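Chemist: Please read through the structure below; I'll follow up with questions.
The values are calculated or read from the model by the stated rules, or taken from the named source; none is laboratory data. Bear in mind the structure is a predicted one, so any value in this text is a computation, not a measurement. FYI the Cβ positions are ideal-geometry reconstructions off the backbone, even for glycines, and counts take in every protein chain you see. In case anyone asks, the SASA skips ligands and DNA or RNA and just uses the protein heavy atoms, side chains included. Shrake-Rupley method; radii C 1.70, N 1.55, O 1.52, S 1.80 Å.
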Amino acid sequence: MRRQDEFWDKAARKYAADPIRDEASYRRTLEATAARLTPQDRVLEVGCGTGTTALRLAAGTGSYLGTDISAEMIAIANEKAAAAGAGNVAFRKASVTEAGQAEMAAGAPPFDAVLAFNMLHMAEDLPATLAALRARLKTGGLLISKTVCLKSWGWYMLPLIKAMQLVGKAPHVGFFSIAELDQAMVDAGFRILEAELHPASRKARFLVAQKV
């Protein structure tokens, strides 16, 4: 199977050109997230892709760092930021475990919020990923995520996904249920404050979880 960064580097330009499939659910995710952010917040987004969400949310924050494992995705995000004249957004190539690490090592405080949209189901080690994200947050800080839970609705897709992975047409995809995701959050040291489905038909779990 192709490495995750290589897969997304190749897919980046097409991904950037594709329209949002469910605009209503995407808007709901943006609204629910923005309601939890303040103009003073330092925000880290992991798996930011081409920066569309970052650029829509950043205006309501103090500073916003978007990271992704794909250099091509980050290149497109920087192009968008330059075109938009966004002043409080930065984009960096980084893995989940690297995201925000350099800033904190240089003396920056932990982040007020970490965002992870449509990427936790792609984590090869979900507990390790959640631990890394928790380490970036201040106590009481928020992990806001939206995650596809295929085991709760798309179990029949697993053979197709595995076949596509064998020929390099799909990245790693985790196979867990809504209940399993919620429990993983609790096990990682978070308290779930808010939980919805965006959209309900596809069991995409939107969670606001607080570091305890």
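Chemist: Could you please let me know if Ala131 is closer than 29 Å to Lys14 by Cβ and assigned to a helix (DSSP H, G or I)? Before you say what the answer is, go through the steps one by one.
Modeler: Numbers: closer than 29 Å to Lys14 by Cβ: no; assigned to a helix (DSSP H, G or I): yes.
The answer is no for Ala131.
Chemist: If you don't mind, another one. Checking Ala58 against (1) under 14 Å from the mean Cα position of the chain (by Cα); (2) part of a helix (DSSP H, G or I), which test does it fail?
Modeler: Condition not satisfied by Ala58: (1).
Chemist: Inside the stretch 1-57, can you point out the residues that are of a type in the set (A, V, I, L, M), modelled with pLDDT under 75 and open to solvent by 50 Å² or more (accessible area, probe 1.4 Å)? Working first, answer last.
Modeler: Taking the stretch 1-57 and keeping what is of a type in the set (A, V, I, L, M), we get 1, 11-12, 16-17, 20, 24, 30, 32, 34-35, 37, 43-44, 46, 54-55, 57.
If we keep only those that are modelled with pLDDT under 75 as well, we get 1, 11-12, 16-17.
Residues satisfying the conditions are Met1, Ala17.
Chemist: Another question, then. Write out, first by first residue and then by second, each pair whose Cβ atoms fall under 9 Å of each other, whose residues are 6+ apart or on separate chains, and whose first residue, in the stretch 15-43, is farther than 24 Å from Leu197 by Cβ and hydroxyl-bearing (Ser, Thr, Tyr) while the second is part of a helix (DSSP H, G or I) and open to solvent by less than 90 Å² (accessible area, probe 1.4 Å).
Modeler: Filtered contacts from the stretch 15-43: Thr38/Gly60.
Chemist: Given the criteria open to solvent by 20 Å² or more (accessible area, probe 1.4 Å), at pLDDT 85 or above and not in a helix (DSSP H, G or I), does Thr139 qualify?
Modeler: On the way: open to solvent by 20 Å² or more (accessible area, probe 1.4 Å): yes; at pLDDT 85 or above: yes; not in a helix (DSSP H, G or I): yes.
Judged against the criteria, Thr139 is a match.
Chemist: Counting just the residues of the stretch 58-71 that are farther than 20 Å from Phe7 by Cβ and touching a helix residue (DSSP H, G or I) at 6+ places or on another chain (Cβ under 6 Å), which one comes out surrounded by the most Cβ atoms within 10 Å (Cβ to Cβ)? It would help to see each step written out before you state the result.
Modeler: The initial filter retains those residues of the stretch 58-71 that are farther than 20 Å from Phe7 by Cβ, namely 58-65.
Then keep just the ones that are touching a helix residue (DSSP H, G or I) at 6+ places or on another chain (Cβ under 6 Å); that gives 60, 64.
On the way: Gly60: 16, Tyr64: 28.
Of everything passing the filter in the stretch 58-71, Tyr64 is surrounded by the most Cβ atoms within 10 Å (Cβ to Cβ).
Chemist: For the stretch 143-151, state whether one or more residues are open to solvent by 30 Å² or more (accessible area, probe 1.4 Å), closer than 25 Å to Glu31 by Cα, at pLDDT 95 or above and in contact with a strand residue (DSSP E or B) (Cβ under 7 Å, 6 or more places away or on another chain).
Modeler: So far as the stretch 143-151 goes, no, none of its residues is open to solvent by 30 Å² or more (accessible area, probe 1.4 Å), closer than 25 Å to Glu31 by Cα, at pLDDT 95 or above and in contact with a strand residue (DSSP E or B) (Cβ under 7 Å, 6 or more places away or on another chain).
Chemist: Looking only at the stretch 183-209, how many residues end up being surrounded by 19 or more Cβ atoms within 10 Å (Cβ to Cβ), under 21 Å from Gly141 (Cβ atoms) and in contact with a strand residue (DSSP E or B) (Cβ under 6 Å, 6 or more places away or on another chain)?
Modeler: Residues meeting the conditions: 7.
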